[in-house]
Amino acid sequence: FSISFRTPPSDDTGLPHILEHSVLTGSRKFPTREPFVELLKGSLNTFLNAMTFPDKTMYPVASKNGKDFFNLMDVYLDAVFHPNIYDNPLTLMQEGWHYAIDDPEGEIARSGVVYNEMKGAFSSPDNLIFSVIQKSLYPDTVYSKESGGDPEFIPDLTREVFLEFHKRYYHPSNGYLFLYGDGDTARELAFINDGYLSAFDAVKIDSGITAQHPFHEMTRMTVDYPVSSDEDTAGKTDISLNFVIGEAADPMLRYGMEILTRILLSTPASPLKLAIQRSGIGRDVLGVYESGLLQPFFSIILKRSDEDKAEEFMSIINDCLRSLLADGISTDLVEASINFIEFQLREAEFPRYPKGLYYNMVALESWLYDADPLMHLNFAIWIKKIRESASKGYFENLIRSHLMENTHRSLVVIRPRKGLAEERERADRERLASFKSSLSRDAIVKLVEENRKLNDYQSTPDTEENLAKIPMLAINDINREPER
């Protein structure tokens, strides 16, 4: 089961991410501080998490035990529709950010779960590059905003904006409910409706995603990440060449690009991977096709290189693709790649995610953009068409139209910079010191008191009465017979 919401960010404060954390810290029926954690103690779940994406937030759960499954649905539906965030101002302080100070005479700092998490993420080139790729390709859309939160801007988030976002988007009219498995669907739907949906009226919610107008020429974006002042920066730059590939509601193109990514960059015989590796300009290369956006993108990412290798990197790519257009792609490699993807789809064995969640995410690739939710799930039709077209130059045509002749592209360079972390910390300390000096003594004492309340809240155990409200499985709820 999952409930998802279309949650387009309007800025870089990470509001969708902070709200994802916050709704799972207590609700109307389950008022414990961490119902998520308590639930884990008495559940046989096979998946229990929540995830923020660039344009949506998902709350998926799974269990093979019927009673457990309904318990999980109950806790998650109550969390998203009736969270305690309106009555508890400490939630935003804890999960988002707050001014941290425990002594009126001491220094002021910033803290918060998401704030601290994203400070770490933005220090890593592996995490930073995908944020920058999106900013470079979609500068005029929601995809240019950091849904996870940029540490520089997270402190701009106010409680008023935080609550308004929940009111606006966490409504069944903006929700995408998904059920998968061999359960009693009528009973499941009755539970969801009677317990939750029937309390709401249908409303019109403007959460639509707009497309980026195509570029006429490639853009370039260079961003620094911090390394220590005594660290060697040679061979620590990541470079990516990125292309916007059509629109989400094109299932044949989706699977065609997934297979082409494997052909070019994901096998030991992949020609583009081999050409880049043999050049010695970087330590590794990978291909990424991101289909979970209104306008998907394809990236060729060179890992652990140097900034001055960017032009050579692009030249190698162009030469290799030009050669493939002239000579054609190995039929054995094409057939093997189609077989691999088809086998993976038919087996439905995917790393990290259970089968139902994978199908859920694939359905949202069209459903979220107001197209048929089953469009991409009917993969057999499209794989068959691709297989039939492969010998007629299908993949060569993809290379020509979506890579070689595609001007909606960007070059992204993520390079190391010595002392950047220290510069940021110093600038932040100066800003915070200036902020503190602007406060009256009473305002500083009030901040200290707010921090004391937060510390007390975090250190005070839940009452036995509230803990008893979390649904737990009993021994007799578990089947004694082994599964055959």
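The values are calculated or read from the model by the stated rules, or taken from the named source; none is laboratory data. As the structure is a computational prediction, the values presented were derived from the model and not from experiment. When we count neighbours, we look across all protein chains shown, and the Cβ atoms used for this are built from the backbone with ideal geometry, even at glycine. Areas reflect the complete protein model, heavy atoms only, side chains present, ligands, DNA and RNA absent. Shrake-Rupley method; radii C 1.70, N 1.55, O 1.52, S 1.80 Å.
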Under the condition of being in a helix (DSSP H, G or I) and out of contact with any strand residue (DSSP E or B) (no Cβ under 8 Å at 6 or more places or on another chain), which residue from the range 155-164 is least open to solvent (accessible area, probe 1.4 Å)?
-> Phe162
Part of a strand (DSSP E or B), of a type in the set (Asp, Glu), open to solvent by 20 Å² or more (accessible area, probe 1.4 Å) and at pLDDT 95 or above - does that describe any residue in the range 285-299?
-> yes
List every residue pair whose Cβ atoms lie under 7 Å apart, where the two residues are 6 or more positions apart in sequence or sit on different chains, the first residue falls within the range 140-152 and is under 16 Å from His213 (Cα atoms), and the second residue, located anywhere, is of a type in the set (Ser, Thr, Tyr) and open to solvent by less than 10 Å² (accessible area, probe 1.4 Å).
-> Ser144/Tyr138
Looking at Asp11, Asp78, Asp87, which one is within 22 Å of the chain's Cα centre (by Cα) and of a type in the set (Asp, Glu)?
-> Asp11
Condition test on Glu307, is it more than 21 Å from the chain's Cα centre (by Cα), of a type in the set (Asp, Glu) and at negative phi?
-> yes
Among the candidates Pro373, Pro416, single out the residue that is open to solvent by 10 Å² or more (accessible area, probe 1.4 Å), assigned to a strand (DSSP E or B) and farther than 26 Å from Pro268 by Cα.
-> Pro416
Just one of the numbered conditions (1) among the aliphatic types (A, V, I, L, M); (2) in contact with a Phe, Trp or Tyr (Cβ under 6 Å, 6 or more places away or on another chain); (3) open to solvent by less than 40 Å² (accessible area, probe 1.4 Å) is not true of Leu179; which one?
-> (3)
Hey, can you tell me all the residues within the range 436-484 that are in contact with a strand residue (DSSP E or B) (Cβ under 9 Å, 6 or more places away or on another chain) and open to solvent by 60 Å² or more (accessible area, probe 1.4 Å)?
-> Glu450
Is there any pair linking a residue in the range 117-133 that is assigned to a loop (DSSP other than H, G, I, E, B) to one that is surrounded by fewer than 21 Cβ atoms within 10 Å (Cβ to Cβ) and of a type in the set (D, E, K, R), with Cβ under 7 Å and at least six apart or on different chains, and which?
-> Phe122/Asp150
Residues in the range 214-229: is at least one at pLDDT 95 or above and at positive phi?
-> no
Taking the range 377-396 and keeping residues open to solvent by 50 Å² or more (accessible area, probe 1.4 Å) and either among the basic types (Lys, Arg) or over 31 Å from the mean Cα position of the chain (by Cα) (or both) leaves Lys384, Lys385, Arg387, Glu388, Ser391, Lys392
Has the range 130-147 got any residue that is buried (at least 18 other Cβ atoms within 10 Å of the Cβ), farther than 28 Å from Phe297 by Cβ and not β-branched (Val, Ile, Thr)?
-> no
If you go through the range 324-357, how many residues are open to solvent by less than 60 Å² (accessible area, probe 1.4 Å) and either closer than 15 Å to Thr267 by Cα or without any contact (Cβ under 8 Å) to a residue 12 or more places away in the chain (or both)?
-> 10
Ser207 vs. criteria open to solvent by 30 Å² or more (accessible area, probe 1.4 Å), touching a Lys or Arg at 6+ places or on another chain (Cβ under 7 Å) and polar (S, T, N, Q) = no
Kindly establish whether Ser410 is hydroxyl-bearing (Ser, Thr, Tyr), modelled with pLDDT of 95 or more, more than 30 Å from Asp68 (Cβ to Cβ) and not in a helix (DSSP H, G or I).
-> yes
Residue among Ile444, Ile399, Ile386 that alone is part of a helix (DSSP H, G or I), at pLDDT 95 or above and in contact with a Leu (Cβ under 9 Å, 6 or more places away or on another chain) = Ile399
Taking the residues in the range 211-230 that are open to solvent by 60 Å² or more (accessible area, probe 1.4 Å) and either in a loop (DSSP other than H, G, I, E, B) or touching a Pro at 6+ places or on another chain (Cβ under 8 Å) (or both) as candidates, determine which candidate is nearest to Pro8 (Cα to Cα).
-> His213
